[in-house]
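Everything below concerns the one structure shown next.
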Amino acid sequence: MKIVFLGKPGSGKGTYAEMLSKELNIPTIVTGDLLREEIKKKTELGKEAEEIIKKGGYIDDKRIISMIKKAVIGKEGYILDGFPRTLGQAEEFKEKIDIVFYLNCSDKTIMRRLINRRICSKCGKVYNLVTNPPKKEGICDECCSKLVKRIDETKDAVEQRLKIYAEETEPLIQYYKKKGNLVEINGDRNIDIVYDEIKNFLKNKA
Ligand code: AP5
Ligand code: MG
């Protein structure tokens, strides 16, 4: 099964991709995390990506496609979180996608969610101080590492991420609608309700 999560920054792509990955026992490929790894390692791509991500821009299609093609080698099934993000990326990626879950969220909830988000500095698990807090303040439930904020969570960066999403990524909704594999989910509701809808869809499809 090849699944894509599509949606605005903060719509919950990472949250549901991780839950589903455990349930279906298939890996997630998170382009944002792959880039953050490059930043940590201070590679050439990482240095370039750091500047772009901080400002809320997109890394160019060529680099993303070559990164993702390497990441899917040898994998029969996977969940893609954050890819494709442009029409160019979707067209260049030749693998057949079974389902695209489009998490439709209003702009109103996005800012609030991102301001309260914390991620594990080691394993990347996503928390929210209001809606999905860790058991122990500032510490990851899974690996006990420190929780941190992301570099692209300033007001300016979030605004820019929403702008570029509208310009570059929103056209993918029509693209996958036409292909017939888009499943639209109202992402404004609480995590359990949204996740149940995703699971029920998959159950009915099987
Ligand atoms: P990426 O890391 O993918 O960032 P993003 O798309 O902006 O999305 P986020 O990770 O911020 O949000 P999310 O949808 O995963 O939401 P989450 O589950 O965390 O990419 C980062 C950057 O890398 C990009 O800006 C770009 O520069 C670059 N990049 C990556 N891929 C690229 C590509 N293909 N091409 C070019 N550049 C690329 O949820 C958010 C918060 O809300 C959490 O705190 C969560 O707990 C909470 N929450 C989630 N759902 C709910 C709910 N239903 N109710 C209440 N709270 C909720
Ligand atoms: Mg994410």
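Approximating the spin labels as points 7 Å out from Cα along Cα→Cβ, the N181-to-E51 distance works out to 3.6 nm. Can you work out the base-10 log of I(q)/I(0) for the chain at q = 0.19 1/Å, using the Debye formula on its C-alpha atoms alone? Each listed q maps to, in turn, -1.75.
Remark: the I151-D192 segment gains 12.0 nm on full extension, using 0.36 nm per residue and subtracting the alpha carbon distance. Compared with the alpha-carbon gap, the fully stretched path from T43 to L87 is longer by 13.1 nm at 0.36 nm per residue. For D141, the residues whose amide H sits under 5 Å from its own are K135, ignoring neighbours fewer than 5 places away on the same chain, with H placed 1.01 Å from N.
Comparing the stretch 65-141 with the 2.2 N^0.38 Å rule of thumb, its C-alpha radius of gyration ratio is 1.42 (two decimals). Once C-alpha pairs closer than 8 Å and six or more residues apart are averaged by separation and normalised to the residue number of the chain, the relative contact order reads 29 percent.
Put simply, the amide H of E184, placed in the peptide plane, has neighbours under 5 Å in Y102, leaving out anything fewer than 5 places away on its chain. Karplus-derived 3J(HN,Hα) values for the stretch 26-33, using 6.51 cos²θ - 1.76 cosθ + 1.60 with θ = phi - 60°, are 10, x, 9, 10, 10, 4, x, 5 Hz; glycine and proline are entered as x. Residue ranges 197-204, 25-32, 12-19 sort as 12-19, 25-32, 197-204 when ordered by packing (mean number of other C-beta atoms within 10 Å per residue, highest first). The eigenvalues of the Cα gyration tensor, multiplied by 5 and square-rooted, give the stretch 15-113 an equivalent ellipsoid with semi-axes of 21, 19, 14 Å from largest to smallest.
The sum of -39500 (n - 2.57) across all DSSP H runs of n ≥ 4, divided by the residue count of the chain, sets its helix-only mean residue ellipticity at 222 nm to -14000 deg cm²/dmol. Residue-normalised convex hull volume from the C-alpha trace of the stretch 1-71: 106 Å³ per residue.
Every number here is computed from the coordinates shown, using simple stated rules; none is lab data. Worth saying up front: this structure is predicted, and the values here are computed from it rather than measured. All Cβ positions, glycine included, derive from the backbone under ideal geometry; neighbour counts span all protein chains shown.
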